[in-house]
Amino acid sequence: MLAVVHAPRELAATTEALRAGGQRVGLVPTMGALHAGHMSLVQAVRDAGATRVVLSVFVNPLQFGPKEDFSKYPRTLPDDLELCRAHGVDVVYAPAAEQMYPPGFQTHVEVEQLTQALEGAARPTHFRGVTTVVAKLFNATGPCVAAFGRKDYQQWRTLERMAADLDMPVQVLGCPILREPDGLAMSSRNRYLQPEHRTRATAIYAGLRGASAAFAAGERRVARLEELARAGVAAAFDSIDYVTVAGAQDLAAPGEQAAEHSVMLVAARIGGTRLIDNAILGQDCLV
Ligand code: AMP
């Protein structure tokens, strides 16, 4: 039976009772508009030993910039609950904004270095919003295993750092990117795409694949790898925020040569929609 809870205290009481009964809690934080990528995280926490799964649905105003898509972000709670039922999720936590941030709220969590470049440069207040809300989710859930998608690679690394730095009793998992049959990374934002843009959007995967194939064939020059990924994206998209190779752990800019398991990250805009994707070189996008 799926339980739906709305207040932080209700969630805390529910997970406490589960743990007292010997269950191991898994947490899957989301903004809803659920798709198979989110459901793969439900499976991931189970694979990591969770016997009960909490999935949160919260479109977090703190992580959207003033000109971003907060008001038009898809909100599909009835469908989300159906999907959660079908996948055996035990608890959905769906707080209202006033429950998450009551009047007087003024405390934030910041991870300093990992959040400077890439998404942090393009979206200056984004990560502070993400780390603050996820810290609150971790606190309300208590000891658990929590799954994040590598689709949001910098977010995963940032949250892993936050949990370690603040001694949070949470095991943070980073899980593989689920893709559509044509390679487009699944995303709630894909539903914004007009058919023509949807077709062109596969250029990101093609670019990542090109760079990954070159890396597998021995290419290590960062400039060349970035050029390979960039060319197709530049032709298909309206603008590019970045096409960058970065260190897999610290996301630092590499020297001239890419190391094994560097990550190639892309952010680009098409028809008013901003998409992100990435591949770990030598590991992903090799088919
Ligand atoms: P969101 O609802 O977009 O905030 O995403 C919630 C979680 O699902 C984050 O940890 C995302 O990285 C993850 N996620 C989103 N899309 C995918 C995907 N295509 N494959 C795997 N995980 C994903």
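Go through the residues of region 163-172 one by one and say whether even a single one is assigned to a helix (DSSP H, G or I), at pLDDT 95 or above and in contact with a helix residue (DSSP H, G or I) (Cβ under 8 Å, 6 or more places away or on another chain).
Taking region 163-172 and keeping what is assigned to a helix (DSSP H, G or I), we get 163-165.
If we keep only those that are at pLDDT 95 or above as well, we get 163-165.
Retained after the next criterion (residues that are in contact with a helix residue (DSSP H, G or I) (Cβ under 8 Å, 6 or more places away or on another chain)): 163.
Scanning region 163-172 turns up at least one residue that is assigned to a helix (DSSP H, G or I), at pLDDT 95 or above and in contact with a helix residue (DSSP H, G or I) (Cβ under 8 Å, 6 or more places away or on another chain).
Just checking, how many residues over region 248-285 are surrounded by fewer than 22 Cβ atoms within 10 Å (Cβ to Cβ), assigned to a loop (DSSP other than H, G, I, E, B) and within 18 Å of the chain's Cα centre (by Cα)?
Total satisfying the criteria: 4.
If you scan region 172-208, which residues turn out to be more than 16 Å from the ligand (Cβ to nearest atom), surrounded by 18 or more Cβ atoms within 10 Å (Cβ to Cβ) and touching a residue at least 60 places away in the same chain (Cβ under 8 Å)?
His197, Arg200
Considering only residues that are touching a residue at least 60 places away in the same chain (Cβ under 8 Å) and either of a type in the set (Ser, Thr, Tyr) or within 25 Å of Leu18 (Cα to Cα) (or both), which ones fall in region 150-171? Break it down stepwise before answering.
The first filter runs over region 150-171 and keeps only residues touching a residue at least 60 places away in the same chain (Cβ under 8 Å), leaving 150-154, 157, 170-171.
Passing the criteria: Tyr153, Val170, Gln171.
When you check Ala229 against the structure, is it under 26 Å from the mean Cα position of the chain (by Cα) and in a helix (DSSP H, G or I), yes or no? Let's see the steps before the verdict.
On the way: under 26 Å from the mean Cα position of the chain (by Cα): yes; in a helix (DSSP H, G or I): yes.
When the stated conditions are applied, Ala229 passes them.
Any residue that is at pLDDT 95 or above, under 19 Å from Gly37 (Cα atoms), assigned to a helix (DSSP H, G or I) and among the charged types (D, E, K, R) - is there at least one of those in region 202-211?
Checking region 202-211: not a single residue is at pLDDT 95 or above, under 19 Å from Gly37 (Cα atoms), assigned to a helix (DSSP H, G or I) and among the charged types (D, E, K, R).
Kindly establish whether Val145 is of a type in the set (A, V, I, L, M), within 16 Å of the ligand (Cβ to nearest atom) and over 30 Å from Ala268 (Cα atoms).
Numbers: of a type in the set (A, V, I, L, M): yes; within 16 Å of the ligand (Cβ to nearest atom): yes; over 30 Å from Ala268 (Cα atoms): yes.
Yes: the conditions hold for Val145.
Are any residues in region 82-127 without any contact (Cβ under 8 Å) to a residue 24 or more places away in the chain, among the small types (Gly, Ala, Ser) and under 30 Å from Thr51 (Cα atoms), and if so, which ones?
Answer for region 82-127, where residues must be without any contact (Cβ under 8 Å) to a residue 24 or more places away in the chain, among the small types (Gly, Ala, Ser) and under 30 Å from Thr51 (Cα atoms): just Ala86.
With the condition kept exactly as written, say whether any residue in region 211-222 is among the β-branched types (Val, Ile, Thr) and outside the structural domain of Ala259 (by TED's automatic domain parsing).
Within region 211-222, the first condition is being among the β-branched types (Val, Ile, Thr), and the residues that meet it are 222.
In the following step, the residues that additionally are outside the structural domain of Ala259 (by TED's automatic domain parsing) were identified as none.
Scanning region 211-222 turns up no residue that is among the β-branched types (Val, Ile, Thr) and outside the structural domain of Ala259 (by TED's automatic domain parsing).
Select from region 213-226 the residues that are out of contact with any strand residue (DSSP E or B) (no Cβ under 7 Å at 6 or more places or on another chain) and in a helix (DSSP H, G or I) and write down the one among them that is farthest from Val266 (Cα to Cα).
Ala216
When you scan region 2-18, how many residues do you find that are in contact with a Lys or Arg (Cβ under 9 Å, 6 or more places away or on another chain) and of a type outside the set (Val, Ile, Thr)?
3
Sort out for me the strands (runs of 3 or more DSSP E) sitting completely within region 23-129 that have 1 or more residues that are surrounded by fewer than 19 Cβ atoms within 10 Å (Cβ to Cβ), at negative phi and within 12 Å of the ligand (Cβ to nearest atom).
Values: elements: 25-30, 52-57, 91-93.
The strands (runs of 3 or more DSSP E) meeting that bar number zero.
Here is a list: Val130, Val134. Which entry is under 15 Å from Gly26 (Cα atoms), in contact (Cβ under 8 Å) with a residue 24 or more places away in the chain and not assigned by TED's automatic domain parsing to the domain that holds Thr244? Spell out how you get there, then give the answer.
Values: Val130 fails: under 15 Å from Gly26 (Cα atoms).
Answer to the check: Val134.
Just to be sure before I move on: is Val134 part of a loop (DSSP other than H, G, I, E, B), under 30 Å from Ile240 (Cα atoms) and at pLDDT 95 or above in the structure I sent?
Details: part of a loop (DSSP other than H, G, I, E, B): no; under 30 Å from Ile240 (Cα atoms): yes; at pLDDT 95 or above: yes.
Considered against the rule, which asks whether it is part of a loop (DSSP other than H, G, I, E, B), under 30 Å from Ile240 (Cα atoms) and at pLDDT 95 or above, Val134 comes out as no.
The values are calculated or read from the model by the stated rules, or taken from the named source; none is laboratory data. As the structure is a prediction and not an experimental result, all values here were calculated from the model. In this analysis, Cβ positions are derived from the backbone assuming ideal geometry, glycine residues included, and neighbour counts consider all displayed protein chains.
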